[in-house]
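No value in this document is a laboratory result; all are computed from the given coordinates. Just so it is clear, the structure is predicted and the values come from calculations on it, not from any experiment. Here the Cβ is made from the backbone with ideal geometry for all residues, glycine too, and neighbour counts use every protein chain on show.
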Number of protein chains: 2
Amino acid sequence: MKRFHLNRRDLLRGAGVAGTGAVLATGGYTLLQQRDAALSSSVRDHSQETVPFYGPHQAGITTPAQDHLHFATFDLLSPTLSEIRGLMRIWTSAAASMCAGKSIGEGEFNLQSPPPDTGEAMEHGPSRLTITVGFGPTFFVKEGRDRFGLAKNRPPALIDIPALPGDALKPEQSGGDLCVQACADNPQVAFHAVRNLTRLARGLAVLRWSQLGFSRTATTSKGQATPRNLMGFKDGTANIKAEDANVVRQFVWASDADGPHWMAGGSYLVARRIRIHIESWDRDSLLDQEQTIGRHKLNGAPIGGHDEFAPLDLNAKDKDGNPLIPLQSHVRLARGDDTIKLLRRGYSFTDGMDRVTGELDAGLFFISYQRDPRTQFVPLQTRLGREDALNEYITHTGSALFACPPGMNEGEYFGQSLLQ
Amino acid sequence: MKRFHLNRRDLLRGAGVAGTGAVLATGGYTLLQQRDAALSSSVRDHSQETVPFYGPHQAGITTPAQDHLHFATFDLLSPTLSEIRGLMRIWTSAAASMCAGKSIGEGEFNLQSPPPDTGEAMEHGPSRLTITVGFGPTFFVKEGRDRFGLAKNRPPALIDIPALPGDALKPEQSGGDLCVQACADNPQVAFHAVRNLTRLARGLAVLRWSQLGFSRTATTSKGQATPRNLMGFKDGTANIKAEDANVVRQFVWASDADGPHWMAGGSYLVARRIRIHIESWDRDSLLDQEQTIGRHKLNGAPIGGHDEFAPLDLNAKDKDGNPLIPLQSHVRLARGDDTIKLLRRGYSFTDGMDRVTGELDAGLFFISYQRDPRTQFVPLQTRLGREDALNEYITHTGSALFACPPGMNEGEYFGQSLLQ
């Protein structure tokens, strides 16, 4: 029987000689170029960086947003609660390995069995992979049935999101009993994570839908440059930043007082698949685009401001006394009275051509984390859905809400506070 | 009227200060780590590198394969030949700008018009973008009609690919009058290229289908490490490398003697969307997987060999006198008598979940370049389609063939040798 070790980092090290030419070739970069390059989202070398898997909160929430996303939701077949615990133990073990840059089941392999890891992420390094797991409303109660005797533990904040103005939701892009958010700076690493967790769930849960995000549209750390969404505008300038501990505590993490106890230190994930009608947007004048968003396209400054981080002055008037930042502009309505904040963590997507319209099916896969969607996402999106000038160019085609439990210590598993 | 310049590189330079922290943060990398990192496909900083747009051949063929793909095909509406020339001039000008890391229409913008560039690639650098254009069989003759009086110029090699063993082609993922292959080390840059060329074609051509490739599966230069496809195997070990000038001349570029004259220096692009049934594959034993491919999974060595680049010894026998590399293994059939070679340039893809099977719709978007598909792709795929053990795990769901004309000098345009 043949035995060998699969260790992505060892492989890299062992094969180091082959890379020498590349190091010499890149040695000519000037400091300026390196500095410039750091502004682009895809160019810093994070391949060997890991994000700690264990901790009081799940990784992938306040973690500085990685470049790529593979998001998936699952429907449970008819496992017992004990089988779900088993699945979560297996997922935790696999996720911890992958996030450390190791293959699943690292150690002894044999030729007679399927490889415990599908292999396509070897040589790619951990690439800052994070894997975040959540429980949807239907995990607790489906078609009126308390599936696992856990209905009493369903958090009041884990609502069925009400119909919102402008929704055009498709069931096949919405909902799910469980979700997995895999983010990494390498798309193959993110793909590999979802694929392998799906494989490990065989017989217990099946994919409901999945979404690949090819470029981040949010900044979740002060060290990150603001990316542009597919409207060509900078997105995430005013997002919550991980460094603002008080804001994060106030708006992102559920507390023990919020209840239930098992969600203390967790967060609620709202996902919305937002189709952008880019062909209509692209025909719009620069003036209209800027009036719609409320910011300048080139530098991201609020209209009337001079740089991206200029304060958003909603009282500013033009020479005729009209609001500089239009009343229905996206930034004005998103800001409101500044009492509602979300941690946004979205990605651009394209799923090829829409066969009905002949247009690119592309847009923003919006992900937000919050302490309570009843007081954050829902009122915010209600306001935006009613009045936002942007609605002319977007349609929400998918929606889902998940309760992401707190983080783990070594030896614990995803959702243990709920399932134990 | 507000006027400003959109220059991606100037923007990067001007905003350099913000990146300083990142440079310092990465300064701690050891040489070993840098060397390791160079083996991973996504980690070298190519954001500021450009691939020359002009030259005797189109870029994107022998160019060292970039990390990301956005491929699209277009159906022409009913333009005149003169309008097609105009479109190709506009595409050429836009492509040259984008490949240089500049926005389209760089220069003066005004608020009253739609921006000449959609903007989402700003700050990302050129990222080694290449844009390669081809003409499909239906460009010349569609439904029996010589559309532009160019039927006589249709190359004999630009065949209608015959039905091949194991095909399960979908019309909506096949064919097209024109194609655009955009490759870059940043997915937003590749997306942006196709989106903007689509926009510029409005009224003359419409998208037929498009495909995003998230990770390269081929090595086209000796300086590149071999990536893994979604089967977890190294892919492209024996591919044609750009440095092998004689092989490239013999197998990639059409010559004047091949005819027609306008294709001299061009190449024929065969695209195949190959769905991998990864759930079946993942259940297969390591032994079966290796016997199916004919290589070892971990290090990519031919069965019986010790490293990836060990010669493929098709005569080697095991102790019982049976072929070490099975008769129906993929590498044996792909190698054949070693008289057929292709330049492969494929990418991994996933398009979410297949609603019918509940499995991930994922696989290999195979792209190959060759001098004549009649003597290269077609006989090779006929052999593979009949006998390849891999067929149990894959289905070809899309197919297309395009004649990619030679490259251009400044002032010329895509396909000028055909259209002028």
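On a 0 to 90° scale, report how tilted helix B:187-200 is relative to the longest principal axis of chain B, with both axes built from alpha carbons and the result rounded to the nearest 10.
50 degrees
Over 32 Å between Cα atoms: which of B:LYS234/B:LYS319; B:LYS152/B:LYS241; A:LYS170/A:LYS317; A:LYS234/B:LYS234; B:LYS102/B:LYS234 fall into that group?
B:LYS152/B:LYS241; A:LYS170/A:LYS317; A:LYS234/B:LYS234; B:LYS102/B:LYS234
At B:THR395, with labels set 7 Å past Cα in the Cβ direction, how many nm apart are the copies from this one, shortest first?
2.8
Could you give the angle, 0 to 90 degrees to the nearest 10, between helix B:377-387's Cα long axis and the longest principal axis of the Cα atoms of chain B?
Between the helix axis and the principal axis of chain B, the angle is about 40 degrees.
Return the aspartates and glutamates within reach of B:LYS341: Cα separation strictly under 18 angstrom, same-chain partners fewer than 8 residues apart disregarded; answer none if there are no such residues.
Output for B:LYS341: B:ASP235, B:GLU243, B:ASP244, B:ASP258, B:ASP313, B:ASP372, B:ASP388.
How many Cβ atoms of partner chains, on average, are near each residue of A:65-78 if near means within 10 Å of its Cβ?
Working: counts 0, 0, 4, 4, 0, 4, 1, 3, 1, 0, 1, 0, 0, 0.
For peptide A:65-78, the averaged partner shielding equals 1.
Quick check of the Kirkwood formula: for the range B:281-420, what is the inverse mean of 1/r over all pairs of different Cα atoms, in Å? Kindly include the intermediate steps, with their values, before the conclusion.
On the way: mean 1/r = 0.0559 Å⁻¹.
Across the range B:281-420, the inverse of the average 1/r is 17.9 Å.
Using all C-alpha to C-alpha distances in the range A:155-212, build P(r) with 10 Å bins and read off the rounded percent in each one.
18, 40, 32, 11
Using only Cα atoms and rounding to the nearest 10 degrees, what angle (0 to 90) does helix A:81-99 make with the longest principal axis of chain A?
80 degrees
Once Rh is set to the Kirkwood radius over Cα pairs, what Stokes-Einstein translational diffusion coefficient, in µm²/s, holds for the range A:219-323 at a temperature of 4 °C and a viscosity of 1.567 mPa s?
Values: Rh = 16.6 Å.
Approximately 78 µm²/s, per Stokes-Einstein.
Running Debye on the protein assembly as shown with equal point scatterers at the Cα sites and no solvent, what base-10 log of I(q)/I(0) appears at q = 0.05, 0.07 Å⁻¹?
Here the Debye-derived log intensity ratios amount to -0.26, -0.52.
Looking only at B:THR357, B:THR237, B:THR80, which one moves most when chain B is put into a Gaussian network model with springs between Cα atoms under 10 Å?
Of the options given, B:THR357 has the highest mean-square fluctuation.
List the distances, in nm to one decimal, from the label point of B:ASP160 to the label points of the same position in every other copy, shortest first, placing each label point 7 Å from Cα along the Cα-to-Cβ direction.
Result, one decimal in nm: 5.2.
Can you tell me, using C-alpha contacts under 8 Å and at least 6 residues apart, the relative contact order of the range B:300-420 as a whole percent? Write down the numbers at each step before the final one.
Numbers: 111 pairs, mean separation 20.7, N = 121.
Contact order relative to length: 17 percent.
Do you know the relative contact order of the range B:178-285, to the nearest whole percent, from alpha carbon pairs under 8 angstrom that are 6+ apart?
Values: 84 pairs, mean separation 14.5, N = 108.
It comes to 13 percent, rounded to a whole number.
Have a look at A:ASN322, A:ASN196, A:ASN229 and tell me which one the Gaussian network model of chain A (Cα, springs below 10 Å) gives the largest fluctuation.
Comparing A:ASN322, A:ASN196, A:ASN229 in a Gaussian network model of chain A, the most mobile one is A:ASN322.
Please arrange A:TYR268, A:TYR393 by how many other C-beta atoms lie within 10 Å of their C-beta, fewest to most. Don't skip to the end; give the middle numbers.
Values: A:TYR268 26, A:TYR393 21.
If I rank by nearby Cβ atoms, fewest first, I get A:TYR393, A:TYR268.
With a cut-off of at most 15 other beta carbons within 10 Å, and DSSP calling the residue loop, which chymotrypsin sites (Phe, Trp or Tyr not before Pro) in the range B:120-194 qualify? Please list them.
Numbers: sites: B:PHE135, B:PHE139, B:PHE140, B:PHE148, B:PHE191; in loops: B:PHE148.
When the chymotrypsin sites (Phe, Trp or Tyr not before Pro) of the range B:120-194 are filtered for loop state and at most 15 Cβ neighbours within 10 Å, nothing remains.
Between A:ALA301, A:ALA403, A:ALA121, find the one with the highest GNM mean-square fluctuation for chain A; connect C-alpha pairs within less than 10 Å.
A:ALA301
Given label points at 7 Å from Cα along Cα→Cβ, what nm distances, shortest first, separate B:ASN409 from the same residue in every other copy?
7.5
Can you give me the distance in nm between label points at B:ARG386 and B:ALA151, each placed 7 Å from the Cα along the Cα-to-Cβ direction?
3.3 nm
Run the helix sum for chain A: -39,500 (n - 2.57) per DSSP H stretch of 4+ residues, divided by residue count, reported at 222 nm to the nearest 500 deg cm²/dmol.
Working: 12 runs with 99 residues, N = 420.
Only helices count here, giving -6500 deg cm²/dmol.
I need the Debye-formula profile for chain B: one equal scatterer per C-alpha, no solvent, reported as log10 I(q)/I(0) at q = 0.06, 0.08, 0.14 1/Å, two decimals.
-0.26, -0.46, -1.33
So who's got an amide H within less than 5 Å of the one on A:ILE394, skipping anything under 5 residues away but keeping other chains? H placed 1.01 Å off N, in plane.
So A:ILE394 has HN proximity to A:HIS277.
May I ask you to derive the relative contact order of chain A, considering only C-alpha pairs under 8 Å and at least 6 residues apart, and to give it as an integer percent? Walk me through the intermediate numbers first.
Numbers: 891 pairs, mean separation 99.0, N = 420.
Dividing the mean separation by the residue count of chain A yields 24 percent.
Quick one: what are the phi-derived ³J(HN,Hα) couplings along the range A:396-403, Karplus 6.51/-1.76/1.60 with θ = phi - 60°, whole Hz, x for glycine and proline?
For the range A:396-403, the Karplus curve yields 7, 10, x, 7, 7, 9, 9, 8 Hz.
Within 10 Å of each residue's Cβ, count the other Cβ atoms and sort A:SER215, A:SER221, A:SER82 from fewest upward.
Fewest to most other Cβ atoms nearby, the residues stand as A:SER82, A:SER221, A:SER215.
Please compute the average number of Cβ atoms from other chains found within 10 Å of each residue's Cβ in peptide B:184-191. Kindly include the intermediate steps, with their values, before the conclusion.
Values: counts 1, 3, 7, 11, 13, 3, 1, 8.
Other-chain Cβ atoms within 10 Å of each residue's Cβ, averaged: 6.
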